[in-house]
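Let me begin by presenting the structure, written as structure tokens, before commenting on it.
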Amino acid sequence: MLRTFCTLFIFFCTVGYTVLLAQPVNPYKYQPKDSVKATIAKPLPVPAENPYKYQPKDTIPMYRYDTLNRTVTFEVGPILGVMNPRTDITEYPQIRTFQQNIGAYASLQYKRIFGIRAEMNFGKLQEADTLNRSLTYIKRNLNYRTNIAEYSLSLEVYPLNILVKRFREGKRPTLQPYFTGGIGVFNFKPEVNLNGEWIYTRPLSLEGQGFPTHPDRRPYSLNAVSYPIGAGIKWDVDDWLAVRFEFVYRYTNTDYIDDISKRYIDPADFYRFLPTIQMADLAVILNKRQYLPGNTLSPGEVRGLNDHTDGFYTFNLKVGIKFGCLCNR
């Protein structure tokens, strides 16, 4: 999967660069002396005087004229931010569960009205019931962590360049909002902490996945689909540099990012269907981890919230290098 995405990412960058090379070029730029003589009789176009040249900065409007005559712009750069989950352990969003997220992106834009973006994010999700406020969550005493590697393709839309007349006519704002939405794939691997040791839980089938007694609970895949939807603010610092701040939430098609989804099962099933007694002993411990003595739960009681699938979101800062940009100081 990673090799396929990297191939598509390189192809996307190559197509963007090829499109930029096809843009019109100044006929008087980079010509040999002999070729310049042939055009010396033709009057060179006189550039229009910059109406903002001698004005104080506070009187200059927040837009720039299109002087490079570029229809398509290509932008590429790194991503640095934070990632946070929304799973069956999440009682409410917490600052303490934010983890670092890094990545890279490449965006191909048409007239700064809309664009197509390829992106990859690498982060981590981690939660624990002991961080929640409700006694019900605290008694359950579950936890998990997992690495996330996501590869996505999204559409960007810039509403100001569509709705505001002066922006449609060629004047581009240096600071403007945008919306994004798309589709992606990601992989995860849930682990549970037991006495300081992190244990990979999928082979233990803690909720009876794959057991004949629970035919509706199939073993889940470690690869899933994400649907990123979000918004951001883009600042064109210069002709070649752009800075973005962006929030994106990912809906997913899996409820097992945290390895928690349905109800408790009969502990005897672990000894009947798992390959070794050691695995069954470990599964019994990890399946029910009530914090208070005597707080036992019977098979069939709720372990996870099956009313929605898991998700996660990011706050990212992006710094992009632009090629063939539309705006100029």
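The values are calculated or read from the model by the stated rules, or taken from the named source; none is laboratory data. Everything quoted here is computed from the prediction, not taken from an experiment. Quick reminder, even Gly has a Cβ in these numbers, built from the backbone with ideal geometry, and neighbours come from all protein chains shown.
Brief remarks follow.
One line per residue, one yes/no per condition, for (1) of a type in the set (A, V, I, L, M); (2) in a strand (DSSP E or B); (3) modelled with pLDDT of 95 or more; (4) under 17 Å from Phe188 (Cβ atoms):
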| residue | (1), (2), (3), (4) |
| --- | --- |
| Asp58 | no, no, no, no |
| Asp66 | no, no, no, no |
| Phe74 | no, yes, no, no |
| Leu80 | yes, yes, yes, no |
| Met83 | yes, yes, yes, yes |
| Ala104 | yes, yes, yes, no |
| Met120 | yes, yes, yes, yes |
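- Residue selected from the stretch 216-273 under the condition in contact (Cβ under 8 Å) with a residue 60 or more places away in the chain, touching a Leu at 6+ places or on another chain (Cβ under 7 Å) and not charged (D, E, K, R), by the criterion nearest to Pro85 (Cα to Cα): Ile257
- Test: residue in the stretch 282-293 that is free of Cβ contacts under 8 Å to residues at least 24 places away in the same chain, in a loop (DSSP other than H, G, I, E, B) and under 20 Å from Asn141 (Cα atoms): yes
- Selection within the stretch 237-273 - of a type outside the set (Ser, Thr, Tyr), in contact with a Pro (Cβ under 9 Å, 6 or more places away or on another chain), part of a loop (DSSP other than H, G, I, E, B) and surrounded by fewer than 20 Cβ atoms within 10 Å (Cβ to Cβ): Asp266, Pro267
- Looking across Leu142, Leu160, one residue alone is modelled with pLDDT of 90 or more, buried (at least 17 other Cβ atoms within 10 Å of the Cβ), among the aliphatic types (A, V, I, L, M) and over 22 Å from Asn223 (Cα atoms). It is Leu142.
- Residue that is at negative phi and surrounded by fewer than 17 Cβ atoms within 10 Å (Cβ to Cβ), where the choices are Phe211, Phe315: Phe315
- Scanning the stretch 179-224 for residues that are of a type in the set (A, V, I, L, M) and in a loop (DSSP other than H, G, I, E, B) yields a count of 2.
- Subset of the stretch 106-118 [at pLDDT 90 or above and either assigned to a loop (DSSP other than H, G, I, E, B) or among the polar types (S, T, N, Q) (or both)]: Ser107
- Tally, over the stretch 294-319, of residues that are assigned to a strand (DSSP E or B) and modelled with pLDDT under 80: 1
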